[in-house]
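First up is the structure itself, then whatever we jot down about it.
Read the figures in this text as sums done on the coordinates, not as results from a lab. These numbers come from a predicted model, not from an experiment. All Cβ positions, even for glycine, are placed from backbone atoms using ideal geometry, and neighbour counts span all protein chains on display.
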Amino acid sequence: MTAFLEGDGLLHLREDMAVERMIFPNLPVADLRRSTEFYLGLGFKQSPQFSNEDCAAVIISDTIVVMLLHQEFFSGFLPEGDTPHLRAAGKEVVNCLSCDTREEVDTFLANAAQNGGAVFQPAREQMPGMYSGAATDPDGHVWEFMWMDPSIPE
């Protein structure tokens, strides 16, 4: 099964296509509207059929859908006694999204800053052929945007 976004803004699932793994990062958020607007401001689309007052499905690509879950709703998916850590001092994961060009890295970082996020690692050449920068969303979730030069030999 694979998923794809049509012009109608809906996420469509197809059984007749090659099986591709999908990833659905579930992120707890304090303000669902603010967080959704942040991701839409980065240029992503929302899937209305998988969004409601408790969650928003944000389509990053055909195989990546970020699920923004209001923190109380998110808590229902955790072991009893666990709570979501919004804006916690420690970070558990860095979400890294590949970009097609260096300019796309710069655009993502600029859009993050303009839509309620914070750039904490300006874009730079990490090593020859790898250009990246990182920002947090309004809830402190870390996103790295990275371009790798396809002409660098393996």
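Counting only residues that are under 20 Å from the mean Cα position of the chain (by Cα) and surrounded by fewer than 14 Cβ atoms within 10 Å (Cβ to Cβ), which one in region 73-88 is nearest to Pro25 (Cα to Cα)?
Of the residues in region 73-88, the ones under 20 Å from the mean Cα position of the chain (by Cα) are 73-75, 77, 84-88.
Now restrict to residues that are surrounded by fewer than 14 Cβ atoms within 10 Å (Cβ to Cβ): 77, 87-88.
Details: Phe77: 13, Arg87: 17, Ala88: 18 Å.
Looking at residues that are under 20 Å from the mean Cα position of the chain (by Cα) and surrounded by fewer than 14 Cβ atoms within 10 Å (Cβ to Cβ), I get Phe77.
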Looking only at region 123-143, which residues are free of Cβ contacts under 8 Å to residues at least 60 places away in the same chain, closer than 30 Å to Leu69 by Cβ and not hydrophobic (A, V, I, L, M, F, W, C)? Ser132, Gly133, Thr136, Gly140
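So that you can scan it fast, the table gives a plain yes or no per residue for (1) over 27 Å from Arg33 (Cβ atoms); (2) out of contact with any Gly (no Cβ under 7 Å at 6 or more places or on another chain); (3) in contact (Cβ under 8 Å) with a residue 40 or more places away in the chain:
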residue: Ser51; (1), (2), (3): no, yes, no
residue: Ser61; (1), (2), (3): no, yes, no
residue: Val94; (1), (2), (3): no, yes, yes
residue: Arg102; (1), (2), (3): yes, yes, yes
residue: Phe108; (1), (2), (3): no, yes, yes
residue: Phe145; (1), (2), (3): no, no, yes
